[in-house]
Amino acid sequence: MKNLYQQTTFIMGTPDSRRVPADEGIEVAFAGRSNAGKSSALNVLTEQKSLARISKAPGRTREINFFAVREAVRLVDLPGYGYAKVSKSMKGEWQRNIARYLETRESLCGVVLLMDVRHPLKEYDQQVLSWCYSAALQTHVLLTKADKLKRGPAQAALLQTRKALERLHPEASSQLFSAHTRAGNEQLQQVLNHWLGLAPPE
Ligand SMILES: Nc1nc2c(ncn2[C@@H]2O[C@H](COP(=O)(O)OP(=O)(O)OP(=O)(O)O)[C@@H](O)[C@H]2O)c(=O)[nH]1
Ligand SMILES: [Mg+2]
């Protein structure tokens, strides 16, 4: 399958959601708790080892990072929320930045919400989901690190999550994903192609 995301390049990173690239064209943001695997998923999607920085220590991505798939089509790696070890004021600042970005960004057409398949739907995840629903933002849930569970428990977690989504965001789609095995990568690409209006792979 032809990967339309391979040519993706880094545009810029900023800690301040007011100093972002021009709000033109179309973009999809990757959101989720710290350590959920956002940067890893972006690297798998784009088949680039270190496009987005990954760290064993949670809280690695402190900036909103913008990437260009092609002219006027962007992917956005958001800083993770819910990381306990940073100071309260810093945490508040991150969350305000993310909220402001999600609320005001006109070119934002959808949110990929990543959650560790072993700990889905934590409190703030639920808030983000409800918020995306009320803002009529298309949302796709990736249950990441699926390689950490056997097939049965992973499927059970997916079904349970879908059940909860009926309440929190009835229009959200969801899937299992693993950055380590790349399982689910094609399914993710199909969702993004559809949202971003990119030609379906040959
Ligand atoms: N086993 C497994 N580990 C993963 C997977 N995806 C990510 N990880 C690991 O989880 C850790 C965090 O991954 P990141 O991609 O940096 O997570 P993030 O959501 O970008 O984290 P922040 O930038 O802190 O918000 C790293 O140690 C990754 O190697 C996966 O699919 N399977
Ligand atoms: Mg990251």
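The values are calculated or read from the model by the stated rules, or taken from the named source; none is laboratory data. Small disclaimer: the values here were computed from a predicted structure and weren't measured. Every residue, glycine as well, gets a Cβ built from its backbone with ideal geometry; the counts of neighbours run over all protein chains shown. Keep in mind that these areas ignore ligands, DNA and RNA; they rest on the heavy atoms of the full protein, side chains included. Shrake-Rupley method; radii C 1.70, N 1.55, O 1.52, S 1.80 Å.
For region 167-185, what are the residues that are closer than 16 Å to residue 147 by Cα and not basic (Lys, Arg)?
175, 176, 177, 178, 179, 180, 181, 183, 184, 185
Residue 125: within 17 Å of residue 77 (Cα to Cα) and in a helix (DSSP H, G or I), yes or no?
yes
If residue 36 satisfies all but one of (1) over 21 Å from residue 104 (Cα atoms); (2) of a type in the set (A, V, I, L, M); (3) open to solvent by 10 Å² or more (accessible area, probe 1.4 Å), what's the number of the condition it fails?
Unmet for residue 36, out of (1) over 21 Å from residue 104 (Cα atoms); (2) of a type in the set (A, V, I, L, M); (3) open to solvent by 10 Å² or more (accessible area, probe 1.4 Å): (3).
Are any residues in region 75-114 at pLDDT 80 or above, open to solvent by 30 Å² or more (accessible area, probe 1.4 Å) and under 14 Å from residue 14 (Cα atoms), and if so, which ones?
The answer is 100, and nothing else.
When residue 130 is evaluated against the numbered criteria (1) in a helix (DSSP H, G or I); (2) within 16 Å of ligand 2 (Cβ to nearest atom), which criterion, by number, is the only one it fails?
Going through (1) in a helix (DSSP H, G or I); (2) within 16 Å of ligand 2 (Cβ to nearest atom) one by one, residue 130 breaks only (2).
Conditions tested, residue by residue: (1) surrounded by 13 or more Cβ atoms within 10 Å (Cβ to Cβ); (2) at negative phi.
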position	(1), (2)
116	yes, yes
139	yes, yes
151	no, yes
182	yes, no
185	yes, yes
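What pairs come out if I take residues in region 134-158 that are in a helix (DSSP H, G or I) and pair them with residues that are among the aromatic types (Phe, Trp, Tyr) whose C-beta lies under 9 Å away, six or more apart or interchain?
Listed by first residue and then by second, the contacts come to 146/177.
Filter region 21-36 down to residues that are within 16 Å of ligand 2 (Cβ to nearest atom) and in a loop (DSSP other than H, G, I, E, B), then give me how many there are.
3
Which numbered condition trips up residue 175, out of (1) free of Cβ contacts under 8 Å to residues at least 24 places away in the same chain; (2) part of a strand (DSSP E or B); (3) not β-branched (Val, Ile, Thr)?
Checking residue 175 against (1) free of Cβ contacts under 8 Å to residues at least 24 places away in the same chain; (2) part of a strand (DSSP E or B); (3) not β-branched (Val, Ile, Thr), the one that fails is (1).
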